[in-house]
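One structure is given below, encoded as structure tokens.
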Amino acid sequence: MNMLLVSCVLASFCATALANPLSAGQIIADVDEAMNRADDQTIGWDLVHQEPGQKAPRTMAFVAHVRDALNLTSFTFPADLKGTRVLTLSRTQMYIYLPAYEKVRRIASHVTQQGFMGTNYSYEDISMSHLGDIYEGEVLSEDNSSWVLRLKPKQDTKAPYAKVLVTIDKSLKLPNELQYFNAKDTHLKTESRLDYECRDEVCLAQVLRMEDHTRANSWTELRRSSWAVNPGLDDEVFTVRSLQRGE
């Protein structure tokens with residue numbers, strides 16, 4: 001009798017869950033919350049970029065200080081990039097410090113969709129911290145472990161991609177894969193976010209990989225080398241003045 005009761009309760013629970021699925025809007029909101037749960041973070045990345053036909057990939061290393069949509073990226077390797085810093089204040093407001101010129105320059109809006117330091121990630125890809133600011137969506141499919149959403153730009157919003165197919169891990173509420181398309185429905189790029197690690201309910205992929213299908217499947221990988229959650233970054237870190245001083 002007890003087993004029968006348990007079976008009935010489980011069946012009722014599952015039926016209720018299926019009858020009341022989360023909306024795409026709620027899923028996107030949950031993903032944005034999960035991606036920005038930390039007050040701030042400091043992350044070290046080793047970057048590897050492979051172009052078709054190249055015998056050896058390009059390698060770089062940088063440290064990113066992150067708070068919500070704010071991001072200060074400082075390159076530490078190779079020697080010709082060391083000291084280069086990029087400050088992101090929003091999707092449309094980015095600055096770069098080039099040590100060879102000892103000057104801060106604003107990154108023009110038409111450059112933000114180009115490759116970040118010659119990689120498959122654009123400046124806009126790097127700065128995208130909230131999907132819900134740009135996209136609305138619909139649920140295409142769902143299983144026990146994931147949702148698949150189709151995203152399109154919100155009305156009167158300039159978005160880097162005309163369509164995004166995103167696979168979201170249900171347990172983490174975080175993307176496992178994002179497929180990016182243009183207005184002609186050409187599949188441009190695929191981003192994979194792999195091997196999530198969680199600390200104090202803040203989760204971050206250990207590997208990010210972007211494949212560019214328009215460039216013979218060239219790829220860029222970001223491999224996490226260090227990670228500090230809530231280090232208590234000073235507000236001054238995310239200023240143009242700090243960018244100039246190299247703090």
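Miscellaneous remarks
- Residue order, fewest to most surrounding Cβ atoms within 10 angstrom, among SER225, SER74, SER141: SER141, SER225, SER74
- With all projection directions averaged, the alpha carbon convex hull of the chain covers 16.4 nm².
- Shape of region 60-108, Cα gyration tensor, a/c cut at 1.5: oblate
- Reported to the nearest whole Å, the Cα centre-to-centre distance from region 112-131 to region 134-167 is 18.
- Cα-based Lys pair tally, the chain, threshold under 16 Å, eight or more apart or on separate chains: 7
- A Stokes-Einstein calculation at 4 °C with viscosity 1.567 mPa s, built on the Kirkwood radius of region 19-127 over Cα pairs, returns a diffusion coefficient of 82 µm²/s.
- Rounded, prolate or oblate (a/c below 1.5 giving rounded, otherwise prolate when a/b exceeds b/c) for region 165-247 by Cα gyration tensor: oblate
- Degrees, to the nearest 10: 24-35 long Cα axis against longest axis of the chain: 50
- Residue order for TYR135, TYR95, fewest other beta carbons within 10 angstrom first, comes to TYR95, TYR135.
- Stokes-Einstein translational diffusion, region 106-227 - Kirkwood Rh over all Cα pairs, 0.890 mPa s, 25 °C, in µm²/s: 159
- Here the Karplus curve 6.51 cos²θ - 1.76 cosθ + 1.60, taken at θ = phi - 60°, turns the phi angles of region 151-167 into couplings of 9, 9, x, 5, 4, 6, 10, 7, 10, x, 9, 7, 8, 10, 9, 10, 9 Hz, with x standing for Gly and Pro.
- On Cα atoms only, tilt of 2-19 relative to the major axis of the chain in degrees: 50
- Listed from fewest to most Cβ neighbours within 10 Å, the set TYR196, TYR161 follows the order TYR196, TYR161.
- Of the peptides 228-234, 100-106, the order by per-residue mean of other Cβ atoms within 10 Å, starting with the highest, comes out as 228-234, 100-106.
Coordinate-derived values only; no laboratory data. Computed from a predicted model, the values in this text were never measured in an experiment. As a convention, Cβ positions derive from the backbone with ideal geometry for all residues, glycine included, and neighbour counts pool all protein chains shown.
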